[in-house]
Amino acid sequence: MAQSTSEAVLVFDDRHPAVTYSGTWLQGGAPGREYLNTTTLTTSPGASAAIDFYGSSITVLGTLSLSSANTTTAMLDISFLVDNSSSAFVVHLPQTSPPTYGVPLWTSPILGSTPSKHHLVITHDTAQGSGSLLVLDAFVVGGYSVSGPDLINPGSNSGDGSATTKALSIVFGVAFGMTSIMCFFLFLRMRRYKQRWRQAEPHGHRDTMAVSAEDSLTKERESFGLGRNPRQDGKEFVDRLGSDDTHTRAPEPKPPDDLERRQIAGQDTRMYLNAGGGGLPGVGAHPPV
């Protein structure tokens, strides 16, 4: 089923790359009155413009205005040839003063039951010397399908829906790229953090029982007046023992249990209480003192 221009439209400005011009053309425009404030115009007979589009119909918008060389009412003759057919559509429009903007110069019939590629040629057919002015403003393609092939490569100055799609694709692509970069840097930071954590683990994460045993040993060493350096503590301990003669003297031998010291006649006499002979010195199994 054919689509009308109200169902799906695509607007091309007169400066769009899909539009090509042959002959003598000038550029103009009335800000706020013409599409994107631009127009392309000619007074030369035989000058033409062509456009390739994908859709089911097309409307050509323009401005009707008298040229500076023509101050009286004049007719504008334009021919429209679609897909190089054998016959063209010819229109005759009166020029106006003041100018009339946004005039549909011509609307094609439905060009097919489904959108397809078409070629339109617009020719200024007014006779030489008439001063008639052909002003092209925009092209409205009806029945446009965004699923069709990209035959026109729309530019930034058209109302093309595919331009919006491309812009969104660029935005999402940039967002995806930024997200990927952020994830990569986050991965590097996490990796560095794990490496530092592993290096610090033997010193900062000791076993609780080992810490308790070490603390107990430290307390005992401190009770003996020792510090935390075993080698230095050992040297100090040896030096301390050497400075105290109580630690260097050999212990006296323990006397036998049956020996008793007594002072006899001012002399220290050892008496063996359990010896034979009544315990007299020199008597018994033990030798005399």
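Tabulated results
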| item | result |
| --- | --- |
| Alpha-carbon gyration tensor eigenvalues x 5, square-rooted, for the stretch 19-137, Å | 24, 16, 13 |
| Ala8 long-range amide H proximity, modeled H, under 5 Å | Gly143, Tyr144 |
| Fully extended contour minus Cα-Cα distance, from Gln195 to Ser113, at 0.36 nm per residue | 22.7 nm |
| Amide H contacts of Ser67 (H built 1.01 Å from N, under 5 Å, at least 5 apart or other chain) | Leu133 |
| Förster radius 35 Å - calculated FRET efficiency between Thr179 and Asn37 (Cβ-Cβ, nearest 0.05) | 0.35 |
| FRET E, pair Gln27, Ala50, Förster distance 22 Å, beta-carbon r, rounded to 0.05 | 0.80 |
| Protein-only accessible surface order, largest first, of Met182, Met75 at 1.4 Å | Met182, Met75 |
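The values are calculated or read from the model by the stated rules, or taken from the named source; none is laboratory data. Owing to the predicted nature of the structure, the values given are computational and were not obtained by experimental measurement. So basically every Cβ, Gly included, is an ideal-geometry build from the backbone, and we count neighbours across all protein chains shown. Keep in mind that these areas ignore ligands, DNA and RNA; they rest on the heavy atoms of the full protein, side chains included. Shrake-Rupley method; radii C 1.70, N 1.55, O 1.52, S 1.80 Å.
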